[in-house]
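Only the coordinates and a few stated rules stand behind these numbers; no lab work does. Given the structure is predicted, the values throughout are model-derived calculations rather than measurements. Cβ placement follows ideal geometry from the backbone for every residue including glycine, while neighbour counts extend to all protein chains displayed.
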Amino acid sequence: MIQIEFFGACESVTGSQHLITYNGKKILLECGLYQGRRQDMERINREFPFDPSSIDALIVSHAHIDHSGNTPNLVKRGFQGKIFCTEATAKMLEPMLLDSAKIQTYDVEYLNKKLRDPNNILEPIYTVEDAQKVFLHISPVKYHEWFEVVPGIQCYFQDAGHILGSALVTFYFEDDGKTIKLGYTGDLGRKFLPILRDPEQIQDVDYLICESTYGDRLHNDIRSSYDELAAIINQTYSRGGKVIIPSFAVERAQELLYIIHHLKDLKKIPQVPVYLDSPLAVKIVNIFSDFVDLYDEETQDYFLMKKDNPFIFTGLHLVESTQDSKALNTNPEPCIIISASGMCEFGRIRHHLKNNIDNPKNTIAIVGYQAKDTLGRKLLDGIQEVNILDAHLKVRAQIVVFNSLSAHADQYNLIEFVKNAGDFKKLFLVHGEAQSKNILSGKLKGSISAEIIIPACDESFKLS
């Protein structure tokens, strides 16, 4: 008997954690950090709804923090098994988890200093030392190569086309003389995006777990984002302001550099300085250079034929030190600042927002999904006043949103993927807010024969 329990990304798009139990063995599918209200983050991320020491193996579909970020805490609390992921994901997990640990430590130190309460000393969920222990457990696997997760469960990865190294996961279970196939999309990418190859297709499964982030909408053509971004840069430059872009350090930051490089080459924007202010994003740019074979043909041409790095260009400044980052906030010149985190909850972006959000000359460009209750979501929803690092500020900067840059499949892509996955019995919709899942479910009913299930957190199901 196979049992699946859903513990994360049920009512939201963050904190993915799905537990598979089979013949007494437990496989955790994803171990993501939850992002949202700070009280909720503390409660959900610090304690697990299961015993970490009972988990026999962990599978991580890709390196984004909402899928991998609580792995150090899992190890800290007793997990001793293998962590399976693609080779590119394995390479990116090290800087990402170390960066997450450093940010948590810094934020806790900052808050303790501000609060000055000796009776309530805050502690990070995990430290750099905890994160370093994760790397002893990682077992990298190539795309399209079968591997044994635990006895009786075979698995293989396909390219999800979401970020570098992202994987679709297919499980084969031997159950009472029969083979049961379970598919999992992780985060499904979009076709025709720059840099990466298009997502592959899971086929002929008996059950499917599918993300639903944008199940309620269609994306604009990616090419429209080039013109939109150029217009915003030009408008902000003309009024002497800064373009501040909260960005995920993995994929989105590299995609932005790729587009800005292209716009500069075509002379569609001025030679404005660009600052990539994220030590993690800088490290990821270097990792991208190690996996040219995972790019689409156009991007491979940059490296192999033109012998040019599409992420590096004249006027780009890679900011690593804290001192150089702080200096950007006293620099009055127009510029573009790309900084993490993408939902404005952690890291250097909060300092840039604190110093720039009340200036009407500036623009805050939202270029990725913003989870409910995050600062990024509040800005997207039009909040007029914000608290950032204990400062109460009016939002006077222009706020713009680029949905066309999303690396997630939209409603059309999701429906097409699900229809092509086979004549399966049950479809589980996860990683989406209620509206997105409900609308996607309604669109799929009548076009597939499978039972469509929207699991609640802590809900379990048996597959046979």
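What to note about this one:
- FRET efficiency for K114 and D358, using Cβ-Cβ distance with R0 set to 25 Å, rounded to 0.05: 0.80
- Seen through its C-alpha gyration tensor, with square-root eigenvalues sorted a ≥ b ≥ c, the range 222-405 comes out prolate because a/c lies at 1.5 or above while a/b is bigger than b/c.
- Gain upon complete extension [K419, E145; 0.36 nm per residue less C-alpha separation]: 96.2 nm
- Of the GluC sites (Glu not before Pro) found in the range 125-173, those in coil by DSSP whose Cβ has at most 11 other Cβ atoms within 10 Å are E145.
- Under 12 Å from the Cα of K82 - aspartates and glutamates, other chains or at least 8 residues apart: D56, E148
- Inter-label distance for I383 and D265, nm, one decimal - labels placed 7 Å from Cα along Cα-to-Cβ: 3.9
- Near P273, once Lys and Arg are set to +1 and Asp and Glu to -1 for all other residues with Cβ below 14 Å from its Cβ, the sum equals -1.
- Loop-located trypsin sites (Lys or Arg not before Pro) in the range 1-76, at most 16 other Cβ atoms within 10 Å (DSSP): R37
- In this structure, the residue pairs whose Cα-Cα separation is over 19 Å, taken from K326/K354; K372/K437; K142/K191, are K142/K191.
- In the chain, the DSSP-assigned H stretches of four residues or longer account for a calculated mean residue ellipticity at 222 nm of -9000 deg cm²/dmol, using -39500 (n - 2.57) per stretch and the full residue count as denominator.
- Think of each Lys and Arg Cβ as +1 and each Asp and Glu Cβ as -1; about the Cα centre, that makes the dipole of the chain roughly 1260 debye.
- FRET efficiency for the pair A327 and R396, taken as 1/(1 + (r/R0)^6) with r the Cβ-Cβ distance and R0 = 30 Å, rounds to 0.85.
- Of all DSSP beta bridges in the range 222-405, antiparallel share, percent nearest 5: 15
- Per-residue Cβ neighbour rank within 10 angstrom, fewest leading, Y258, Y126, Y412: Y412, Y258, Y126
- DSSP beta bridges fully contained in the chain are about 45 percent antiparallel.
- Straightening the chain between D40 and T314 buys 94.4 nm, computed as 0.36 nm per residue apart minus the Cα-Cα spacing.
- Aspartates and glutamates whose Cα lies under 13 Å from that of K113, excluding same-chain neighbours fewer than 8 positions away: E123, D390
- Take 453-463, 110-120 and order them by the average number of nearby Cβ atoms within 10 Å per residue, most first; the result is 453-463, 110-120.
- Of the residues N420, I388, T363, the one whose Cα sits farthest toward the positive end of the charge dipole of the range 356-464, with +1 on the Cβ of Lys and Arg and -1 on the Cβ of Asp and Glu, is N420.
- The charge dipole of the range 1-114, taken about its Cα centre with unit charges on the Cβ atoms of Lys, Arg (+1), Asp and Glu (-1) only, comes to about 260 debye.
- Evaluating 6.51 cos²θ - 1.76 cosθ + 1.60 at θ = phi - 60° for every residue in the range 19-24, the Karplus couplings come out as 10, 9, 10, 8, 6, x Hz, glycine and proline recorded as x.
- Dipole magnitude of the range 222-405 about its Cα centre (Cβ charges: Lys, Arg +1; Asp, Glu -1), debye to nearest 20: 740
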